[in-house]
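For reference, the structure discussed in these notes is given below.
Please treat every number below as a calculation from the coordinates, not as lab data. Predicted model only: the values in this text are computed from it and were never measured. In this analysis, Cβ positions are derived from the backbone assuming ideal geometry, glycine residues included, and neighbour counts consider all displayed protein chains.
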Amino acid sequence: MSKITVPDSSLHATLMKRATYFSVATATLLIAIKAGAWWLSGSLTVLASLVDSCMDATASILNMLAVRYSLKSADDDHKFGHGKAEALAGLGQALFIAGSAVFLLINAVGRLAKPTPLTCIGVGLGVMTFAIVITMLLLSYQRYVVKITDSSAIRADSLHYASDLLTNLATIMALFFANFGILIMDPLLALAIALYISYSAWEIGIESIHLLMDHELPDEMREIICRIATKQASVLGVHDLRTRKSGRIHMIQLHLELDDQMPLIEAHAIAKSVERQIQTHFPQADIIIHQDPINLVDRSAQKDGTNH
């Protein structure tokens, strides 16, 4: 049996920490300017966007703390590392986002029954346009970090900021219609935003639950692992492939079937070769390979019996 563990990359850790800092800073800035815009305009969709940003700030702070914890090295109490803290952060984000959706639904229904005129629409439009620009900059950086690190926590954070982008666009539409006296669009768009936020919370929550429950890696990834292992000339087969993900680390375990007459040192070299090739496809991976001895005479006899 042999094992390779890839240590945390300092570059990955730096990128993930910066992404969380930028996220908290962006949410704080947006809360300040949206609060001013709502106070001046009285728009429900501006309030919806403000509430969403408040939830974002709380979720982003929790995410920042969870990411820092997940990057800690393995210790005696957590020999597989602390990567699942990312999934816990994602689950917390889903709950916060779902709570904001419920708040918006209640307010949207009330405003539908009693539409309210809006004021200072120009201020609201300017603020929401600024919010869109800031959010797009944050999303661009977050997606770059996700591409490099494959962090589930940053991916979840990016998903709810993507929903913010839609919220801001809907807010601008509501303010535009209100400028022409069409007040009903404000609560209707707030209602649509709430439904979309609920969907985002569902997506984040399901992904986090899969990670916490050690869901298998996608079939295409498992097929790649099997192909790499079986293309070795001396490997007779592969079985008991088990995979999961913990934070950014892919956990991969499998059994290699080898000739029972093969010297131990040769079997070990083959397992190491398979590990290295798997590692090239999954750099952030913890790989364990067990070598199973197979009697070629018995296997040949079994095949002959099956043929007859």
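Worth a mention:
- Each peptide in 64-77, 11-24 receives the mean, over its residues, of other Cβ atoms within 10 Å, and ordering these scores from highest gives 11-24, 64-77.
- Here the gap between residue 196 and residue 224, fully extended at 0.36 nm per residue and compared with their Cα-Cα distance, gives a gain of 6.5 nm.
- Membrane-span-like helices in the chain, defined here as complete DSSP H runs extending at least 27 Å along the helix axis by their C-alpha atoms with mean Kyte-Doolittle hydropathy no lower than -0.5, are 10-41, 44-70, 85-113, 121-149, 152-178, 185-212; this is a sequence and geometry rule, not a statement about a membrane.
- Region 29-137 - percent relative contact order, Cα under 8 Å, separation 6 or more: 36
- Relative contact order (percent, whole number), region 213-282, Cα cutoff 8 Å, 6+ residue spacing: 30
- When each of the peptides 204-214, 49-59, 144-154 is scored by how many other beta carbons lie within 10 Å of its residues on average, the order from highest to lowest is 49-59, 144-154, 204-214.
- For the residue pairs 72/272; 147/231; 147/272; 34/72; 72/231, the alpha carbons lie more than 32 Å apart in 34/72; 72/231.
- Simple spin-label estimate for residue 281 and residue 209 gives 3.0 nm between the two label positions (7 Å along the Cα-to-Cβ direction from each Cα).
- Residues whose placed amide H lies under 5 Å from that of residue 286, excluding near-sequence neighbours: 250, 251, 252
- In this simple spin-label model, placing a label point 7 Å from the Cα along the Cα-to-Cβ direction at both residue 260 and residue 113 gives a separation of 7.8 nm.
- Under 5 Å, built H, 5+ apart or other chain: amide partners of residue 294: 258, 259, 260
- DSSP-defined antiparallel bridges as percent of all bridges, region 219-307, nearest 5: 45
- Segments 286-296, 215-225 sorted - mean Cβ within 10 Å per residue, highest first: 286-296, 215-225
- DSSP-defined antiparallel bridges as percent of all bridges, the chain, nearest 5: 55
- Distance cut-off 20 Å, percentage of C-alpha pairs in region 219-307 lying past it: 37
- Extension reserve of the residue 106-residue 272 stretch, reckoned as 0.36 nm per residue once the Cα distance is removed: 53.8 nm
- Whole-number D in µm²/s for the chain (Stokes-Einstein; Kirkwood sum over Cα pairs; 4 °C, 1.567 mPa s): 58
- Across the chain, the relative contact order, built from alpha-carbon pairs under 8 Å that are at least six residues apart, equals 22 percent.
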